[in-house]
């Protein structure tokens, strides 16, 4: 290794990959992955979140994780976004296609995508 | 795309409780459930909670699973990894409060981890020790880069001096001063030596660092080489640490491949390379001059100092020799500054110290705490206290070279000077906890047996003196001692301390001296009353059947292996003391608690 730049390059490349273990995520994206969630298609949603968070280099600040059934099975796939000091945002009937808007507008922009949230659903 | 990491401890403790098999089963189940592209398996170094091994951590949640068995793996994979439901029954979540725990508990909130401050162990259990890339991701080799490109060797030494780092092998000599003494000595070749000959019974700090974070040692040795003008390094590690040796070897090869060892590192013109030397397991080789003699290929015997290694060390060249844990602190000091390091600890002992907790304690394992933490916090909070409701009696620090801290000094803040003041020593960090069932004379005898075996034989005070000490102790524990024996024992201790050639002999009497200091009454009980208060020394022990309690059920007589118990059915039984071998089988089998030790 002949320069610090080379070291820095390896570091940058690898940091995203180990960031997952740091647990410093300021925002947590939690995907419901119980039987109901999986049946409704939660897996591609989770995959899309993980992929896009990593691609955009957000892995250090955003933790994508999963949880069990939260009881509103008819609205699955359900995704909750937690942020310290803010109220939890619950997205329902998510699809992989909807993920990019949540990442762009909510996770990066700080503004929840109102039309995907549970409040906008008609019973 | 990877969304979860499963960290499996690959330290020696967890390996011996079966973590290798668990890793294989995880790989199999992850494949079976189609999660191969989503979940990554990582083998790491020691997490520290060896008692609860094998340990598995699932990230990003940080769920800490303990005592995982191969049969549990499918449940973790299908429930947690697939469906996101934490397997509660396997989670370690001892937060110290009685309130029931719900959901996920952050590891840092558990009693075992919350007061810890991991500097030397920062990467242990976090990264894969076999991946140089993961080490680099955790700012690895950045300190070496900084030292080589931005600092002069003098500035590096100054930074280490200012940090107040002292030798973690036990001596506590200021590391910066050691380097400063070596740097100005002119020689065609100088050396950096890492002492990984961790020989104290009950100590495994250095092993865990080498197993969990081998690159930190390589980086620190290169920094030391730059500071003192050495281009070659040796790690002297025990052959009994096969995992540590293999990982260190791999790490050295990786570092060479990346050009982090070799010629012209970071284009600075500085060359450094290093080698491993295996020790054959002699305790004396942990002494610095004996260690260097052994590296040279000779029989591991110490030689008188001065000349100190700083002037004439390995191959008669100026040499810096530091312990593994000392080195593990160095990169962090260079990166984060002397001030940061000096902000931890006490006035004269800066930073943190790693302790290997062992003996009569709930959480056997590895902890790293700021200097100045009290023994009470270490044992009662982090260590989880004494098992089976027994009472804490004393703790032995420094292994066979150290002394004991009795229960009434449990609030002593642990640092170099406080321990020396009470006739103890920090040692390399082994901390053996003893409860009320431990006989202190027997304990001193145990350590003396060790030093008698390990004395290299070069000097008479150590070779013959320790043997005579052991004989006296043996006499006392057999009930044949007199009060004069205790006085002679004490005198001989001081003689050996003053006249031995090296640290082994100079410290060998410490366990006797400190138990004499704090538990003299136990010695007296052995020689005057011919009793062992803790009920350990077999020759001073009698098993007796209490007549009033004995129902004459004959169970003890049937279980006695030497037929020493006699008595008719429904009549009180009697133990024939001449036949009794004091095995305790009768006590274990009596349903009426009618048999007592006295």
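Just so it is clear, none of the values below were taken in a lab; they were calculated from the coordinates. Owing to the predicted nature of the structure, the values given are computational and were not obtained by experimental measurement.
Observations on the model:
- Top of A:81, A:113, A:18 by mean-square fluctuation, Gaussian network on chain A, Cα under 10 Å: A:18
- Shape metrics for chain B, restricted to C-alpha atoms - Rg then Dmax, Å: 26.7, 91
- The orientation-averaged projected area of the convex hull spanned by the Cα atoms of region B:4-107 comes to 6.0 nm².
- Normalised by residue number, the volume inside the convex hull of the Cα atoms of region B:189-237 is 68 Å³ per residue.
- Per the Kirkwood formula applied to alpha carbons, region B:440-529 shows a radius of gyration over Rh ratio, Rg over Rh, of 0.96.
- Cα-based convex hull, region B:129-197, per residue volume (Å³, whole number): 149
- Equivalent ellipsoid of region B:493-596: semi-axes from √(5λ) of the C-alpha gyration tensor, largest first, are 42, 13, 10 Å.
- The protein assembly as shown - mean residue ellipticity at 222 nm from DSSP helices (-39,500 (n - 2.57) per run, n ≥ 4, rounded to 500): -10500 deg cm²/dmol
- In the elastic network of chain A, a GNM with C-alpha springs shorter than 10 Å, the most mobile of A:39, A:19, A:59 is A:39.
- Mean projected area (nm²) of the alpha-carbon convex hull when the protein assembly as shown is viewed from all directions: 37.0
- Based on the Stokes-Einstein relation at 10 °C and a viscosity of 1.306 mPa s, and on the Kirkwood radius from alpha carbon pairs, region B:64-208 is assigned a translational diffusion coefficient of 80 µm²/s.
- Relative contact order computed over chain B (Cα-Cα under 8 Å; 6+ residues apart), in percent: 11
- D_trans [Stokes-Einstein, Kirkwood Rh over alpha-carbon pairs] for region B:352-435, 25 °C, 0.890 mPa s, µm² s⁻¹: 200
- Using all pairs of distinct alpha-carbon atoms, the Kirkwood hydrodynamic radius of region B:132-342 works out to 16.8 angstrom.
- Distance from the Cα centroid of region B:229-279 to that of region A:14-78 is 40 Å (rounded to whole angstrom).
- Debye equation applied to the C-alpha atoms of region B:542-597, log10 I(q)/I(0) at 0.31 Å⁻¹: -1.56
- Note on region B:310-378: Kirkwood hydrodynamic radius from all Cα pairs is 14.4 Å, rounded to one decimal.
- Plainly put, chain A has a radius of gyration that is 1.06 times its Kirkwood radius, both from alpha-carbon atoms, as the Rg/Rh ratio.
- Fluctuation leader among A:41, A:68, A:32 - chain A, Gaussian network, Cα springs under 10 angstrom: A:68
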